[in-house]
Every structure is written in C-alpha cells, then in structure tokens.
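The values are calculated or read from the model by the stated rules, or taken from the named source; none is laboratory data. Note that the coordinates shown come from a computational prediction; the quantities given were computed from them, not determined experimentally. As a convention, Cβ positions derive from the backbone with ideal geometry for all residues, glycine included, and neighbour counts pool all protein chains shown. Just the protein is used for accessible areas: all its heavy atoms, side chains included, with ligands, DNA and RNA removed. Shrake-Rupley method; radii C 1.70, N 1.55, O 1.52, S 1.80 Å.
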Amino acid sequence: MGQAIDARRWTLDDRANMSKVRLIIDGTEIEVDEGTNLIEAAKQIGLEIPHFCYHPGLSPDGNCRMCLVEVEKIPKPVIACKTVATEGMVVKTNTELIEKARSSVMEFLLINHPLDCPTCDQAGECKLQDYYMDYDLQPSRYKEKKVRKRKMIDLGSGVMLDEERCVVCRRCVRFCREIAGKEELYVQERGHNSMVATFPGKEMTNPYSGNTVDVCPVGALTSKDFRYKKRVWYLSQTDSICPGCSRGCNISIHYEGNVVYRLKPRENLEVNKYWMCDFGRYDYKFINEERRLIPAYRKDGVFSEVSYQEAMSYLRETLTSYDPLNIAFIASAQESVEAIDSFVAFAKDKFFADTVYYSKNDPAQSYADDILIAKDKNPNLAHIQKLGLKEVEAIAKDIQAVVIQRNLSESDLGLIKKRGLKVLVLFATNYTKVDERALVIFPIPTYAEQSGCYVNCDGMMQSFKKAFDAQGEAKTIQEYIAEIGALL
C-alpha cells in the first residue's frame with residue numbers, strides 16, 4: 001500500500017476516532033475527517049473534481065494535473081488529490097484560472113490520442129470523453145502527425161493494451177504494486193513516448209488483473225472477455241454479491257435482456273473495498289449457458305423433459321412411495337439464506353427429518369490468499385453451519401433416497417452412488433452430473449434471477465437483488481416447496 005494518507009482506506013472504527021476539520025469549498029462549509037484530500041472532501045457536497053490518475057483505493061500520484069484547484073493564501077493552483085483538507089481552508093474549484101488550466105490539460109492529453117471512439121470498448125464510460133465535453137470542447141490546434149504506437153497487445157490474464165489510448169495515469173501500475181502485490185507493470189520511455197508495459201519476457205499473472213481494466217479511466221486497457229461484445233449503453237446494471245467464494249465481494253451484474261455480459265466490483269470498504277478477483281469476475285457464463293430450463297423426469301428408464309404439471313404429478317407419486325423417514329434432504333451452500341431456510345423447514349415439517357444434510361463446492365485444487373480470495377468456495381457455508389446441518393458422509397444407514405437442493409460436489413456424488421441411494425428430486429440451475437441419477441428435476445433460478453442474502457466468512461449478511469426474471473419454467477425453491485407441500 002502507498003504511504004500517503006487517504007481517509008477512504010480507513011475502517012469505520014478508525015473514522016470514529018478521527019478528529020474533524022472544517023473548510024469551505026465553493027462557498028459551502030463542510031466538516032470532514034482529518035487526512036481527507038480535497039477530491040474526497042468535495043464529494044461530500046456532490047461535487048466532482050475531475051481527475052484521471054487519482055483513485056480512492058490507491059495512493060495519490062498527482063501526475064495528470066487535471067484536479068487543479070485554487071486555495072486561498074496559496075499563490076498557485078494545487079492538485080486536489082495530494083492536498084489534504086485543513087482547518088479553515090477555503091477552496092475554489094470553478095474559477096476562470098482553473099477552467100483554463102483544465103482545458104489546457106485536456107488539450108495536452110488529446111494531442112496524440114487517437115480519434116477512434118466509435119471502435120473503442122470504453123466509449124460510453126470514458127473519462128476522456130466526459131471531460132472533453134465538460135472542460136475542452138474545442139478542435140485541436142495541433143496539426144502535426146500524431147505519435148503512433150502499438151495496438152492490441154495481450155498483457156496476459158485477459159487484459160489487452162492499446163498504447164495509443166494510454167494517458168499514463170499509472171493507475172494500473174499502482175494497482176498491481178499496491179493491491180495485488182505484484183510488480184508486473186511499469187512505465188517505460190519518457191515524454192510522449194511513455195507507455196505502460198509488462199517487464200520483458202513477462203506477462204500479467206496475478207488473479208486480480210481484471211481490476212486494471214476497471215481502474216483505467218480511458219480505453220487503454222480492455223477486457224479480452226468483454227471486448228467488442230456489447231456497447232455499454234445497452235447494458236443494465238443490478239447490485240449483487242459474488243457467489244464464487246465466502247468473501248462475498250460486492251459486484252454489479254451488467255446484462256441485456258437475460259444475458260449477462262460482465263461482472264464488475266462494487267465499492268464496499270468493509271468487504272472488498274473496490275476490487276474483485278478474476279475467478280469471480282469471469283464466473284458468470286453458467287448463467288447464460290447449459291441451463292436447466294424445463295422440468296424433466298425418468299420414467300421406465302427413459303429420461304425426458306416434460307410439462308410442469310406432469311413433473312409435479314410424477315413427483316407426488318415418487319415421494320409417496322417412500323417412507324418419509326427414509327428420505328434425506330441435502331441443502332446447498334451455494335443457495336441463498338431464504339432458499340436454505342425454506343428447504344430445511346420443509347424437510348422438518350413435512351418429512352419429520354431430525355437431520356438435514358448439506359453439500360458444498362469443495363474443489364480439489366483451489367486458490368486462496370490474504371487479499372480477497374477465501375479458501376471456502378461457497379457463498380453461504382457460514383449460514384449452513386449456523387443451522388447445524390451435517391455433511392453428506394454422515395447420512396444415516398436407513399436412508400434410501402435423497403432430495404437435493406441444487407447440486408452435489410464430486411465427493412458427495414460418489415458417496416450417493418456408493419450407497420446406491422435414489423435421487424428422488426433434484427433442483428438445478430444447470431445440467432449436472434447428478435442428472436443421470438435423478439428421477440425428477442426442477443429448474444431453479446441463478447443468483448442473477450432472484451433476490452436473497454448470503455452470509456460471508458466474517459458473518460456479515462449481505463443482500464443481492466434480482467437482475468432479471470427467471471428463464472424458462474424455473475421457479476425459486478420457496479415457490480416449489482409451497483406447491484409441493486400443498487400437493488402432498
């Protein structure tokens with residue numbers, strides 16, 4: 001982490017112990033925590049001081065000069081990102097001098113910048129475009145040929161570089177060094193030949209590389225996964241929680257219709273700050289692909305997709321053919337608090353189950369670190385354990401069949417096969433290896449298609465929202481259980 005003081009990095013407990021300072025910004029008096037820089041102070045009154053190189057999760061660099069402001073008793077403009085608010089300070093952000101300075105900075109940055117907005121993935125969310133409209137809005141006086149640099153450079157880890165678009169803000173360099181803890185990027189050459197690059201013969205390999213695309217204020221760094229897929233102004237956004245591990249990183253789902261195109265981190269200083277790992281970032285394709293959308297059953301050895309009414313009728317016939325005490329219920333640590341609670345209550349109330357079991361995602365090879373990535377690859381294992389559920393290996397000997405919420409791990413599926421247990425009902429989002437053993441399968445929505453809560457590894461309950469309606473005939477566990485309960 002950088003050495004500079006930045007109040008945005010402090011925890012809520014730290015802030016409670018901070019002293020306050022009062023200052024005036026554009027005629028408005030405000031009170032901020034000691035150590036707050038002027039960019040963050042201005043945000044408290046809804047004022048954005050333009051900037052390229054500054055990011056609240058990184059050390060201030062002060063190289064773009066876009067955030068110049070005037071401070072009384074200081075003879076020259078100062079950069080807001082590295083100027084700390086002090087008691088009695090009077091700041092002006094919209095004087096004629098500052099407007100001219102910002103226009104000059106924009107003109108300088110655009111001298112060699114290519115005019116390729118129509119083909120740039122950053123179009124629509126580019127700070128260079130926004131600030132040109134706000135602070136420049138004039139044709140270039142530069143008539144010489146622009147400096148040409150390389151385009152479409154694969155830096156590794158799914159990150160592409162266009163050297164011509166880079167404004168050398170160094171956000172990506174600082175992110176790799178300060179957050180990911182990897183010296184993978186640096187700035188080479190000087191002057192208008194400056195460019196971001198990996199070290200010779202090396203490429204980016206850190207599992208947080210996708211964040212460099214997020215922090216890039218222009219179209220220099222783009223995601224190979226999202227590149228040329230969709231214009232951002234066609235996408236809707238919904239707040240959600242990443243289900244990739246028990247950290248519970250706050251994310252935004254970017255989608256059109258019922259197709260998810262990308263996931264991006266959402267600020268939560270107590271959980272993931274401004275970041276997310278690449279494992280979670282690119283783990284969205286199961287929402288779009290190989291979905292279980294229609295009920296199905298296995299009858300007389302033939303497995304086929306059927307109507308909802310046929311599946312329900314066969315389900316009643318199947319369930320009532322077994323003694324309720326010989327059926328085990330297996331909850332999923334991948335599901336929401338609400339879905340798990342409903343499933344457990346159903347097992348206990350309708351089938352008199354003394355014990356409910358659970359299955360968790362437990363890959364043989366899994367990466368974890370002390371930044372964000374947790375060893376537990378389940379979003380809701382903490383809630384499962386709070387309920388006192390038991391692992392599948394503890395299933396009683398008199399159990400003959402199981403009802404499965406969502407899916408089984410490889411090891412749990414192996415145990416079910418070894419015991420010769422019938423899979424009476426499977427609630428599934430996608431086609432799985434459990435399908436071949438299930439008698440009845442009902443489609444359920446993914447986390448993008450329902451609202452609910454997860455409890456993360458720190459015991460924090462976090463809610464996520466439905467981005468779009470469930471596809472096909474999928475229904476939530478709660479809806480199925482209500483109907484099955486009435487059916488029985």
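Observations
- Filtering region 474-488 to residues that are in contact (Cβ under 8 Å) with a residue 24 or more places away in the chain, open to solvent by 50 Å² or more (accessible area, probe 1.4 Å) and within 16 Å of LEU315 (Cα to Cα) leaves LYS475, GLU483, LEU487, LEU488.
- Some residue of region 448-461 being part of a strand (DSSP E or B) and over 29 Å from the mean Cα position of the chain (by Cα): no
- Residue list for region 67-93, restricted to those being open to solvent by 70 Å² or more (accessible area, probe 1.4 Å), in contact (Cβ under 8 Å) with a residue 24 or more places away in the chain and either more than 37 Å from the chain's Cα centre (by Cα) or on the phi > 0 side of the Ramachandran plot (or both): GLU87
- Residues in region 391-412 that are touching a residue at least 24 places away in the same chain (Cβ under 8 Å) and more than 17 Å from ASN378 (Cα to Cα): ALA394, ILE395, ALA396, ASP398, ILE399, GLN400, ALA401, VAL402, VAL403.
- Number of the exception - LYS146 against (1) more than 25 Å from ASP214 (Cα to Cα); (2) at pLDDT 95 or above; (3) surrounded by 14 or more Cβ atoms within 10 Å (Cβ to Cβ): (2)
- Qualifying residue in region 387-395 (condition: crowded, with 19+ Cβ neighbours inside 10 Å and over 33 Å from the mean Cα position of the chain (by Cα)): yes
- Hey, ILE330 under 30 Å from the mean Cα position of the chain (by Cα) and over 19 Å from ARG419 (Cα atoms) or not: no
- Listed by position, the strands (runs of 3 or more DSSP E) enclosed by region 166-232 that each have at least 2 residues that are open to solvent by 10 Å² or more (accessible area, probe 1.4 Å), in contact (Cβ under 8 Å) with a residue 24 or more places away in the chain and not assigned by TED's automatic domain parsing to the domain that holds PHE52 are 195-198.
- Taken together, the criteria place GLU29 among residues that are open to solvent by 60 Å² or more (accessible area, probe 1.4 Å), over 30 Å from GLU144 (Cα atoms) and modelled with pLDDT of 95 or more.
- GLY124 meets the conditions (1) within 27 Å of ILE24 (Cα to Cα); (2) open to solvent by 20 Å² or more (accessible area, probe 1.4 Å); (3) touching a residue at least 60 places away in the same chain (Cβ under 8 Å) in every case but one. The failed one is (1).
- Residue tally, condition aliphatic (A, V, I, L, M), in contact (Cβ under 8 Å) with a residue 40 or more places away in the chain and either farther than 30 Å from PHE352 by Cβ or open to solvent by 50 Å² or more (accessible area, probe 1.4 Å) (or both), over region 437-473: 4
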